[in-house]
1. Mind ranking 17-26, 66-75 by how tightly packed they are, going by the mean number of other C-beta atoms within 10 angstrom, highest first?
2. Under the 0.36 nm per residue contour assumption, what length would be gained going from the current alpha-carbon distance of residue 4 and residue 56 to full extension?
3. As a test of the formula, what do you get for the chain when each DSSP H run with n ≥ 4 contributes -39,500 (n - 2.57) and the sum is divided by the residue count, at 222 nm and rounded to the nearest 500 deg cm²/dmol?
4. Can you tell me the 0 to 90 degree angle between the C-alpha axis of helix 67-76 and the longest principal axis of the chain, rounded to 10?
5. Place the peptides 49-56, 9-16 in order of packing, highest mean first, counting for every residue the other Cβ atoms within 10 Å and averaging per peptide.
6. Compute the acute angle (0 to 90°) between the alpha-carbon long axis of helix 35-48 and the principal axis of greatest extent of the alpha-carbon atoms of the chain; round to the nearest 10°.
7. From the convex hull of the Cα coordinates of the range 1-53, what is the mean projected area in square nanometres?
8. Which whole-number percent is the relative contact order of the chain (Cα, under 8 Å, 6+ apart)?
């Protein structure tokens, strides 16, 4: 399964973009990332104001097993 790029790489790419003013495509080649990735992290930076990764939300429904239910099930086993 693919892993996310580190926050360090994201910050270095965005800082280079702000510092040098080089185009997104050139920076993507320089850092070895895709142009789409560079566009995505720049868009996230503009919307959130952060260079680091946005925390991911959990997928799927939340568990309906409360502590009382968990205790009851453990007692039954």
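A short reminder: the numbers here are calculations on the coordinates, not readings from a lab. None of the values given here were measured: they were computed from a predicted structure. Reconstructed Cβ throughout: ideal geometry from the backbone, glycine too, with neighbour counts over all protein chains shown.
1. In decreasing order of mean packing, 17-26, 66-75 become 17-26, 66-75.
2. Gain on extension, residue 4 to residue 56, equals 17.6 nm.
3. Rounded to the nearest 500, the figure is -18500 deg cm²/dmol.
4. Once rounded, one gets 50 degrees.
5. Descending packing order for the listed peptides: 9-16, 49-56.
6. 70
7. In nm², the orientation-averaged hull projection of the range 1-53 is 3.6.
8. 27
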